[in-house]
Amino acid sequence: MMKTTIQEIDGNMVATLEGILDTAAAPETAKAMEPLNDVEGKDIIIDCTKLEYISSSGLRIFLDVLQHVEDKGGHVYIKGLTDDVRAVFAITGFINLFEFK
Amino acid sequence: MRQYRELRPTLEKLSEDAYGKMRQALSEQGIYVTAIEHRVKSEKSLAGKLELKGAKYKSINDITDLVGMRVITFYTDEVDKVAAIAKRIFDIDWSESVDKRKLHQLDSFGYNSLHYICRLKTGGPRFELQMRTALQHVWSTIEHDTGYKGIVKMPKEYLRQFSRLAGMLELVDDEFSRLRMVLTDYRRQIQTLVKSGHLNEVPLSTDTFRSFLETHPFDRLNRRIAAVNQAEIYPAPMIVYLPVLESFGLETLGDVHQFIDDNSDDAYQLAVSQLAITDLDILSSSAALQYLCLVYVLKHDGGRDELKAIYDTINGESDANGMVADLMLGQAQTLSFMQRSKSDGK
């Protein structure tokens, strides 16, 4: 089960992801994250404190958000990665593409 | 003023149209400028102008700056490029256009700017186009602010101070242009050396590493690694690894080339040991370089701290990087190059 919440906190858009972001959960999560693509003039924080797993499809959602936000001159920060999820970022070489909080 | 008010909507449209044409033409020519400003003269400003110089104008059409556009460039030679573009996209009224850059006495400096009075090719009222560099703009703004050209005549010693500053700005402007030309030449030379394969003659720097990356030196290893999971390769910046390569003592692009040759097979082993047990089918284009760096450190007796230092460099210092270093170190222990390193050390 995946739960995605988006809210504005202290002038930033914060997306909180909870659960297992596998291939099955990716389409629904991608849809829930879509509003972030239209954000302008605000930084985006993806809170992964309660994200237990991420698949390639999940990584693609993160990369999609990053591309949209960077095109508009914004920043995407990732917060609270668990060791397992951090390992996926490292193994695939994406660890330096995101800014971690 | 009545004529002005009637003409105002036409002027607003002219201002937008002229701006749109200039912006499009600059973009097509690949010229990046600091700013393009455009405005319709305000009623208040026009009233002030008419109060001062009203007798000079017989009709509103005699006032050429009701619409004004200003293109501010980075470099002096770009002012001429913008002027060439203006000549192509607008009709220029040469009888009223001024190159103030050429008006100076040999012993004086000051306001440098190129002014054209233009008309759209489709006709309509005239407008003023000012073209200047960022530093000329600074000069002009300060000159205006200090009232240099005001009613009160300025004492000679202050005029001299102004001239000295203006001369300095002009010199700085020219030096920036000259420096850019020198750097462009240098980049061309380096690119030629990189293309011709004379890598040992090219010192490792941000510029040269960028040129080197244009030759896609890590593609082969990336494709090899990606093949393990039939992964897509996603483009990512690699320049962040330059300080890591420098910390290894690599001094030329030849050294980097050798570093790739010496470590590719072992980097492939390490990457496969991590990826083959997953179904991850997306890979950053910097993955090959990451694994090459990790392997280099491990083969040179580096341990957890040295691996963590790589991540601290590319990703900012953090305790979490220690966990990633542990992960890579743990997986590497079983690989053949680590066994070789151990037996070589005996």
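The values are calculated or read from the model by the stated rules, or taken from the named source; none is laboratory data. Please read these numbers as outputs of a predicted model, since none were measured by experiment. For neighbour counting, all protein chains shown are included, and Cβ atoms are generated from backbone atoms with ideal geometry for every residue, glycine included.
Restricting attention to the stretch B:139-170, which residues are surrounded by fewer than 14 Cβ atoms within 10 Å (Cβ to Cβ), within 30 Å of residue B:11 (Cβ to Cβ) and modelled with pLDDT of 80 or more?
Residue satisfying the conditions is B:141 alone.
Give the residues of the stretch B:282-304 that are surrounded by 19 or more Cβ atoms within 10 Å (Cβ to Cβ) and not small (Gly, Ala, Ser), sorted by residue number.
Result: B:282, B:283, B:289, B:290, B:291, B:292, B:293, B:294, B:295, B:296, B:297, B:298.
Would you check if there is a residue in the stretch B:314-325 being over 30 Å from residue A:22 (Cα atoms) and assigned to a helix (DSSP H, G or I)?
First pass over the stretch B:314-325, keeping only residues over 30 Å from residue A:22 (Cα atoms): none.
No; the residues of the stretch B:314-325 include none that is over 30 Å from residue A:22 (Cα atoms) and assigned to a helix (DSSP H, G or I).
Answer yes or no: is there a residue in the stretch B:159-167 that is assigned to a loop (DSSP other than H, G, I, E, B) and of a type in the set (Ser, Thr, Tyr).
Quick first cut of the stretch B:159-167, residues assigned to a loop (DSSP other than H, G, I, E, B) only: none.
Within the stretch B:159-167, not a single residue is assigned to a loop (DSSP other than H, G, I, E, B) and of a type in the set (Ser, Thr, Tyr).
Within the stretch A:12-101, considering only strands (runs of 3 or more DSSP E) that don't extend past its boundaries, which have at least 3 residues that are touching a His at 6+ places or on another chain (Cβ under 9 Å), surrounded by fewer than 18 Cβ atoms within 10 Å (Cβ to Cβ) and within 14 Å of chain B (Cβ to nearest Cβ)? Break it down stepwise before answering.
Numbers: elements: A:12-21, A:44-54, A:76-79.
It comes to none.
Would you tally the residues in the stretch B:316-339 being in contact (Cβ under 8 Å) with a residue 24 or more places away in the chain and of a type outside the set (A, V, I, L, M)?
Qualifying residue count, the stretch B:316-339: 4.
State whether one or more residues within the stretch A:32-43 are touching a Gly at 6+ places or on another chain (Cβ under 7 Å) and either at pLDDT 90 or above or under 19 Å from residue B:283 (Cβ atoms) (or both).
No: the stretch A:32-43 contains no residue that is touching a Gly at 6+ places or on another chain (Cβ under 7 Å) and either at pLDDT 90 or above or under 19 Å from residue B:283 (Cβ atoms) (or both).
So is residue B:244 surrounded by 17 or more Cβ atoms within 10 Å (Cβ to Cβ), within 33 Å of the chain's Cα centre (by Cα), more than 16 Å from residue A:91 (Cβ to Cβ) and in the same structural domain as residue B:212 (by TED's automatic domain parsing) or not?
Numbers: surrounded by 17 or more Cβ atoms within 10 Å (Cβ to Cβ): yes; within 33 Å of the chain's Cα centre (by Cα): yes; more than 16 Å from residue A:91 (Cβ to Cβ): yes; in the same structural domain as residue B:212 (by TED's automatic domain parsing): yes.
Yes; evaluated as a whole, the condition is true for this residue.
Can you tell me how many residues in the stretch B:39-79 are exposed (fewer than 14 other Cβ atoms within 10 Å of the Cβ) and without any contact (Cβ under 8 Å) to a residue 40 or more places away in the chain?
Going through the stretch B:39-79 one residue at a time, the tally reaches 13.
Of everything in the stretch B:129-141, what is in contact (Cβ under 8 Å) with a residue 12 or more places away in the chain and assigned to a helix (DSSP H, G or I)? Give them in sequence order.
Restricting attention to the stretch B:129-141, the residues satisfying the condition of being in contact (Cβ under 8 Å) with a residue 12 or more places away in the chain are B:129-140.
B:134, B:135, B:136, B:137, B:138, B:139, B:140 - these are the residues of the stretch B:129-141 that are in contact (Cβ under 8 Å) with a residue 12 or more places away in the chain and assigned to a helix (DSSP H, G or I).
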